[in-house]
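See below for the structure under consideration.
Please treat every number below as a calculation from the coordinates, not as lab data. None of these values were measured; they are calculated from a predicted model. Cβ placement follows ideal geometry from the backbone for every residue including glycine, while neighbour counts extend to all protein chains displayed.
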Amino acid sequence: MEFKDYYQVLGLDKSASEGEIKKSYRKLARKYHPDVSKEADAELRMKDVNEAYAVLGDLEKRAAYDQLGNRYRDGQEFQTPPNWDGGSGFSGADMGEYSDFFANLFGQAAPGQSGRGERAGPRPRRGQDSHAKIVIDLRDAYQGAPRTITLRGARADAQGRVSIQEHSLNVQIPRGVKEGQHIRLAGQGGPGSGGSAAGDLFLEVHFKPDPHYRVDDRDVYLSLPVTPWEAALGASIEAPTPSGKVQVKIPANSQSGRKLRLKGRGIPGEPAGDLYLLLEIALPPADTEKARQLYEMMAREMAFNPRLAMGV
């Protein structure tokens, strides 16, 4: 399959503005319209002109095409790069009206093709919705937080010249956001065509992996280490939570794995989630003479067999 130079078809260079592209298309459409043209190959030339304008007259399609054009010349052997995504938005016409090159780039035909070979250009249409992922800390879901994200997309300058540019957006993470939830930023998606509105940007929320907390919907789980005496005798201890430290009462005779529920201390919402503390008894190391003596005294004084229920 050969690479097609759409700028050459319209008689333009790559720096052409949106206005210059539209002007050239209209001029060529009048010249090669099958109803009026005396050219022998008018119908074929009109198809080429339509195809070129279907791409160059659309901001996103033009920017995607320009990425390829930096590496190819007209007529050069071409293969669509792996994972190529030329975007969507072309539909509703017979695919046979367009070249194999076009079909491989954009997957489907362009709108507005008439049976007589002329097209009025890309129809006014709302810009595509865009999707991205944003990774936040768990505490951001508790409190909300401002974030700045950087995105890449097609942009036109004051002269209508299109390029892929990076731009930054300030985003407010709402309090109570959940894993997998989408934050909608109206008008921050792909640009519209023909004066139509831009699409929206949807940010899918993900939490950074946390060494202490595990999240299930709005419920949050924390493994909380306690000493043997705190577990055996009961105690009031300080425990961390994503929203700050809290005092927690450890019931006497608690075992490892016991679950304590702190109602409403999970991710905020209607209703809020709960925070579950999973007790883990942490043994002090017997790394001093004093510690070893204490363990030996416990072994003598406490007739305790944790395997008794197992018959051993």
*Can you give the net charge of the other residues whose Cβ lies under 11 Å from the Cβ of LYS31, counting K and R as +1 and D and E as -1?*
+4
*Between region 199-222 and region 227-285, how many Å separate their Cα centres?*
21
_Inter-label distance for LEU283 and LYS133, nm, one decimal - labels placed 7 Å from Cα along Cα-to-Cβ_ = 4.1
*Under a cut-off of 19 Å between alpha-carbon atoms, report the aspartates and glutamates in cross-link reach of LYS208, not counting same-chain residues fewer than 8 places apart.*
ASP137, ASP140, GLU179, ASP216, ASP217, ASP219
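Would you mind estimating how fast region 175-244 diffuses translationally, via Stokes-Einstein at 20 °C and 1.002 mPa s with the Kirkwood radius over Cα pairs, in µm²/s? It would help to have the intermediate numbers written out before the result.
Working: Rh = 16.3 Å.
Rounded, D is 132 µm²/s.
For region 213-310, what is the relative contact order in percent, using Cα pairs closer than 8 Å and at least 6 residues apart in sequence?
Working: 151 pairs, mean separation 27.9, N = 98.
That works out to 28 percent.
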